[in-house]
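To start, the structure under review is shown below, and the notes come after it.
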Amino acid sequence: MNDPRVRPANLAEAAEAVGKIAARGLSLRPIGAGSRGWLGRPAESEAVLIETRDLRNLEHYEPGDLTVTVEAGMAFETLAGLLEAEGQWLPVNPARSGQSTLGGLLATGATGSIRSRYGSWRDLVLGMSVVLADGSLSRSGGRVVKNVSGYDLHKLHIGALGTLGLIGSVSLRVMPLPKEQRLVLASFKDRAVALEVAMATATSQLELAAVEVLDNLSPSIGLAEGTWMAVRIAGTEADCARSAREIQEASRMAGSRRHVTLAGTECLRALRDLNELPMEGTTICRISAPPSLAIQLLKQGSLGGDRRVICDIPGGIVHVLWNGDAEPSEIIKSVDGIRAGLGRSGSAILLDAPDGVRAGIDVWGPPPPSYPLMQSIKRALDPDRIWNRGRFIGDL
Amino acid sequence: MSPTVDPAVRSEIAGVVGARYVFDRDEEKRAYSYDASLIRARPDLVCVPGSAEEVAAVVRVAHRHRVPFVARGAGTGIAGGSIPIEGGIVIALTRLNRILEVNIPDRYAVVEPGVVNLDLTRRVENEGYCYRPDPSSQKVCTIGGNVASNAGGPHCLAYGVTSNHILGMEVVLPDGSITEIGAPHLEPGGYDLTGLFTGSEGTLGIATKIICRLSRSSEAVRTMLASYDRMEDAAAAVEAIIAAGVIPAALEMMDREIIRAVEAAVGAGYPVDAEAVLLIEIEGPRDGLNESSDVIKSLCLDQGAREFRTAQSEEERQKLWKGRKGALGAVARIKPMYYLHDGVVPRTRLLWVMKKIAATAAQHRLTIVNVFHAGDGNLHPFILFDPADADEVRRVHLAGEEILRACVECGGTLSGEHGIGIEKNEMMGWIFSEQDLETMRRVRSAIDPAGVANPKKVLPSGARCGELSRSPGSAPAGAWI
Amino acid sequence: MTVEPSDFSAAKDCVSCGLCLPHCPTYREYPVEMASPRGRIELMKGLAEGELQPGPALEEHLSLCLGCRACETACPSDVRFGHLLENARAVLKDAGASGWTSSALRRLFLNQVFPRPAVLSALASSLRFYQTSMLRRWVQSLLRLMPGPVERLEALMPDFTAPWSAPPPELPAHGPERGVAAFLTGCVMPHCTGEANDATLEVLRHHGYRVLTPKDQRCCGALHLHSGYQEEARQLARANVSAFEATGADVVVTSSAGCGAALKEYGDLLSRDPEWAERSRAVESRVRDVHQVLAETDPPPPMGRIALRAVYDDPCHLLHGQGVSLEPRQLLRAVPGLELVEAKEPDWCCGSAGIYTVTHTEMSLRVLDRKMEDLLSLEPDIILTANPGCLLQLRLGVARSGSDVPVHHVMELLARASRGPDLTGPDELRRHGLTGERTR
Ligand SMILES: Cc1cc2nc3c(=O)[nH]c(=O)nc-3n(C[C@H](O)[C@H](O)[C@H](O)COP(=O)(O)OP(=O)(O)OC[C@H]3O[C@@H](n4cnc5c(N)ncnc54)[C@H](O)[C@@H]3O)c2cc1C
Ligand code: SF4
Ligand code: SF4
């Protein structure tokens, strides 16, 4: 860990540092808490690390506006605490993200099971300040909830893995905390049945926070073996009670023998456990597809088969997990198979994988059809490719 | 100053779209010289292509000859976005009005850009779905225009603006090549080009297919009307509702003059002697509505509502909304013309800015009426005037500028949903630094190096800000800006 | 009296919001701005400002307008489109702008035929009417556009062989008299759809009206006005004003929506004529569409059962021109046994619009086809409307769609209901129609 590194104390310093380093022709790699450093390909060349940990000011928070502006080095947890004190929250739940910085989460585009209800980062970010490759600080958007003034350049940085610049600060839309939450868990013998019940639940008029199917995961969260449907409910007391009742009833009718509704602290603990599933050494493939395709592939067993799987039903996002002892060649074969099954209708990327796997497969998969356009944007904002060289798709 | 189009360009384009859909007589140019804003300029040529391939071929001709082109939907824009300020070719997309695919299980639809916003919802409503963004112009504006201007609408308070509902599109780039961006699923990979193109007002290319997210319609809906004797009380009620953590699906405010004009136009059932009304709608599963509506009701009454009423039937509900959606047109009953702004303020500054608007009106001896998306802090002050009165016109511009300055001053922005277009581009310097704008320019010229796509829009021309009262030479006699 | 720029002042009310666009049939079928109300208003502004000159381009774009005034109903800013259009067409006509293929034909009909009842009826009764170029051209253009046997088309032609003779100048009410109505027969209706006129008389009488039919009434002038022949229209208006004021009747009634809309604007039409302004307003104030008159009858007279599924199609000149849409429905709902179903787009024009079918056959048929798709999807036993032009156009539409649903005037159905006996269902309708024996 003796890569050269800088640790600016504020945005101006960050901009200055970037300007200087870039002028020397060096590559730069932003780093937040380091919690998601595993994402992407190995860097192409040695890079100067630029740490954002000290960029953690709360720039502006007016609860009555339901907006907040913070520097990107602030930990997700810290922000969540600030908001909670005012009865508010930022409705995203990326897995194992407590320590992660906002900048890191934005750059990796990490979201979680509740995105179909509340949106993902692109729906929550109102504006950003970004340090560009030439050391300039550039802003887009603003801090009001509705804004069509100028190009939404901030959207380009979400999920760009820091390849277009260093996210310095960000304005976000926040929400009142839901009055009540519930978690309904129902176990099924048959994965196909679980998937069907979950799809019907997700397309009902109940307004649910998340509908997931968890396969072969249960022991790690203290549930019995098998396939579980986990439905997260958020809303008024009356909404929650009715939704829970209807979902349990539907599960029972579909043959679920065990079903339970958790409320209060029990519910919160279970939600945290679900979100904090330990993943050390695990290879994670994230699949995105139209939900019906994802479900069809899951039913056929071509996504995961008997492996551990987490499927966000309305989102069509499936995480397939391999234990540390899985053979790299096996994993590569499976991922190739998944990609072939998806064709042009979906994407499958490796979020985390041992070096043996990374060496044998492109973690990003084939570039999207608009790749040439992305290259022009990269050239416009980072002509010398100083940011995170080699880690993102193609030569972006 | 506008380049006239070479006859070769005309014949090449006629070869692409057919002579029947190429227009360049004076009458026709005049018919494509306006939108719903006050800005006017004539194209040199208008064409109405019938397919994405035709659009691409027309753009290739334009690009090769370095003739500017402007995409046009229904022409209901309020910022002059589709006005060919530099002349050139108007490419009207009204014939591209097919819904190409509706996929209910995966909740998306693929449409051509000329599909009218409301037609998409109509198409899927029987199956219990809808397309959420609902600009008040939804029965006429096109989804292409909505995407380009990132349109909002009353229900954006709960459901977000257009960009939250677009998954991807097919775009004809300014050089005439066609590319696909985004995909009908959540993680298409790479940079979020869909996010960049949405709201770019036709300056980065022309959308020829759009993948729209469909949403499940709510199980139940309740619409309420609260009336007030003082504008301030209504604004305070809005702040109180948001602060209480209740986010209605829509929260709209109308002032006295608007109420009267609307009543005269559509008879929506608003109390004509109130100073302000709030139109509040909540949606969701049946069971939760009582609780939310009770909270809203008591907050409204706390702030001095003199009447609070809940629509008792779908018919009554539709009537209340008809009033709101017809408000813009009805304004012309008060005075022949209006200049409409759509600045945004943080929601806690609503009361402050309403007072500021009233003071501005008094100071400049103008009538300013308001009907707007209060829950979002998105103002719509209509500054009324008679175009024949030159001094009044001058005061209208001063007042508009002051109102927008006030929005910016308290942390807001120039436009919440109508776009920058050619109307506010010179004010971009109020909210962005030269560096910010330069970055935007860099991205734009990466995509349109020849500068042919809707030139002069969105970004300032480079001249410093503040030259509001420009008067384009191309405006016809009798017209005004 | 020529048109002045001030006649276009209504155009200033247009804020170019575009809210009228989706209601305009020509724009929906041909989505270019010049075929939209907003575009047409813009062109008229240009004409008024002197920036645009009368000529082929203006002719082309303004003549494509159906004059249905759906845009007027939709406009939140209250722009009086119909009025603007009449003035614009007058300017074009005065400027002699032509190139409009049918203008000679149009002049022939407007100047020689419609205004002269004698000529019209001579033509009609002698079947030579069918031979006139207008009809031949009409049939020919239809033939070109539609496949299918010629005989069926010929069958569509209005039946001129059954001559309709004007009713006696006075007919008593059936039963106690409620009021006195002066009846405008319309100039085309008697010859194409005489049954509708007979039925109107019968229903009015059934509702307790004594009906006066002044002999010296003339064509209402609507078609002239829509074509820019304002002076001719004024002459006809004066004739009618004096004919109807002489009757002293409580109400002036017509069952032709187009005529009604024109009569209701006589005040405007003659407003600059000192001698006639007052008188025309007085007559105008008494003009009612027959549905308005009947809907007020309280209690309604008894009616027999009519066991049919019916759809009512709003004539534009009733819906948009006179704001009458509830009354016909109210009357029909009161008929025992009748199931009234609603179209998806009841406000969509049928494409008839006077002689539009002849001058703009292609657009007219496109507009018609959309209408028919909507109406026939409801599988009605009968289609009802309230204007002679629409009646003929809808019959054409039915035949073009290969269907055989009968199309009638609302009055014909009401007459049948008031006459009795019960009509048992679609089979009976198909075998015997609505008429049966006539009573006059
Ligand atoms: C009565 C009324 C009410 C309104 N209410 C609202 C409201 O509630 N919320 C709101 O946001 N707006 C509202 N508007 C403004 C307007 O309707 C919106 O901006 C709408 O999105 C414009 O759509 P359009 O089809 O008319 O586009 P146009 O006006 O034709 O064009 C708008 C912009 O989009 C570009 N464009 C059009 N099509 C394409 C394409 N396919 N590809 C690329 N660029 C394209 C044009 O170049 C132009 O810059 C209202 C307007 C009116 C008249
Ligand atoms: S609705 Fe009225 S104001 Fe709006 S464009 Fe049409 S005519 Fe003009
Ligand atoms: S009168 Fe009818 S056809 Fe003419 S512009 Fe209005 S709506 Fe369109």
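None of the figures in this text is laboratory data; all of them are computed from the coordinates on show. Keep in mind it's a predicted model, so treat the numbers as computed, not measured. Cβ sites come from the backbone with ideal geometry, for glycine too, and all protein chains shown count toward neighbours.
Binning all Cα-Cα separations of the range B:99-216 at 5 Å, short to long from zero, yields these whole-percent fractions: 2, 13, 24, 27, 21, 9, 3, 1, 0.
Taken one residue at a time, the phi angles of the range C:172-182 give Karplus couplings (6.51, -1.76, 1.60, θ = phi - 60°) of x, 5, 7, x, x, 7, 9, x, 10, 10, 9 Hz. Gly and Pro are set to x.
Ratio of Rg to Rh for the range C:311-372: 1.05 [Cα atoms; Kirkwood radius as inverse mean 1/r over pairs]. Across the range C:9-99, Cα pairs under 8 Å and at least six residues apart give a relative contact order of 37 percent. Overall, the protein assembly as shown carries a charge dipole of about 1380 debye about its Cα centre when +1 sits on the Cβ of Lys and Arg and -1 on the Cβ of Asp and Glu, all other atoms neutral.
For the range A:1-91, trypsin sites (Lys or Arg not before Pro) are listed when DSSP marks them as loop and at most 11 other Cβ atoms sit within 10 Å of their Cβ; the list is A:24.
The GluC sites (Glu not before Pro) of the range A:148-253 that DSSP puts in a loop, and whose beta carbon has at most 15 other beta carbons within 10 Å, are A:225.
Once R0 is set to 51 Å, what does the formula 1/(1 + (r/R0)^6) return for the Cβ-Cβ distance between residue A:12 and residue A:265, expressed as a FRET efficiency to the nearest 0.05?
Values: r = 44 Å, r/R0 = 0.86.
The computed FRET efficiency comes out at 0.70.
Taken over the range B:220-329, the alpha-carbon convex hull comes to 86 cubic angstrom per residue. Ratio of Rg to Rh for the range B:27-128: 1.06 [Cα atoms; Kirkwood radius as inverse mean 1/r over pairs]. Projected label points at residue B:247 and residue A:252, each 7 Å from Cα along the beta carbon direction, are separated by 3.4 nanometres. Each principal axis of the range B:178-244 carries a Cα extent, and these read 55, 32, 22 Å when sorted largest first.
The reciprocal of the average 1/r between distinct C-alpha atoms defines the Kirkwood hydrodynamic radius, which for chain A equals 22.0 Å. Out of all DSSP beta bridges with both ends in the protein assembly as shown, state the antiparallel percent to the nearest 5. Expressed as a percentage, antiparallel bridges in the protein assembly as shown total about 75.
Based only on other Cβ atoms within 10 Å, what is the fewest-to-most ordering of B:348, C:254?
Neighbour counts put them in this order, fewest first: B:348, C:254.
Reported value for the range C:9-99: 83 Å³ per residue, from the convex hull of its C-alpha atoms.
For the range B:371-445, the list of trypsin sites (Lys or Arg not before Pro) that fall in a loop by DSSP and count at most 10 other C-beta atoms within 10 angstrom is empty. Put a dot 7 Å past the Cα of residue A:84, heading toward its Cβ, do the same for residue C:170, and the two dots end up 9.5 nm apart. Convex hull volume of the C-alpha atoms in the range C:195-306, normalised per residue: 110 Å³. Average projection, convex hull of the Cα set of the range A:242-396: 12.6 square nanometres. Here the range B:28-48 is scanned for amide nitrogen atoms under 16 Å from the site 7 Å beyond the Cα of residue C:49 along Cα-to-Cβ, giving B:28-44. Residues whose amide H lies under 5 Å from that of residue B:81, counting only those 5 or more places away or on a different chain, are B:422; hydrogens are built 1.01 Å from N in the peptide plane.
For the range A:38-178, the Kirkwood hydrodynamic radius comes to 15.3 Å, computed from all pairs of different C-alpha atoms. Building the convex hull from the alpha-carbon atoms of the range C:301-432 and averaging its projection over directions returns 7.7 nm².
Rounded to the nearest 500, what is the protein assembly as shown's calculated 222 nm mean residue ellipticity when only DSSP H runs of at least 4 contribute -39500 (n - 2.57) each, over all residues?
-11000 deg cm²/dmol
Using θ = phi - 60° in the Karplus curve 6.51 cos²θ - 1.76 cosθ + 1.60, the 3J(HN,Hα) couplings for the range C:235-240 round to 4, 4, 4, 4, 4, 5 Hz; x is entered for Gly and Pro.
With each label modelled as a point 7 angstrom along the Cα→C-beta vector, the residue B:60-residue C:339 pair spans 5.6 nm.
Applying 1/(1 + (r/R0)^6) with R0 = 51 Å to the Cβ-Cβ distance of residue C:378 and residue A:45 gives a FRET efficiency near 0.10.
For q values of 0.10 Å⁻¹, compute log₁₀ I(q)/I(0) with the Debye formula on a Cα-only model of chain B, without solvent. Debye output, listed in q order: -0.75. The calculated pair-distance distribution of the range B:343-458 uses every alpha carbon pair, bins of 5 angstrom beginning at 0, and gives 2, 11, 19, 20, 18, 12, 10, 6, 3, 0 percent. Charges were assigned to the Cβ only: +1 to each Lys and Arg, -1 to each Asp and Glu. The resulting dipole of chain B about its Cα centre is roughly 760 debye.
A quarter of the convex hull surface defined by the alpha-carbon atoms of the protein assembly as shown gives 51.3 nm² as the mean projection. The phi-based Karplus calculation (6.51 cos²θ - 1.76 cosθ + 1.60; θ = phi - 60°) puts the 3J(HN,Hα) values of the range A:119-133 at x, 10, 3, 4, 8, 9, 7, 9, x, 8, 10, 10, 8, 8, 4 Hz, whole numbers, x for Gly and Pro. Distances longer than 19 Å among the Cα atoms of the range A:35-88: what percent of all pairs is that? The answer is 44 percent, as a whole percent.
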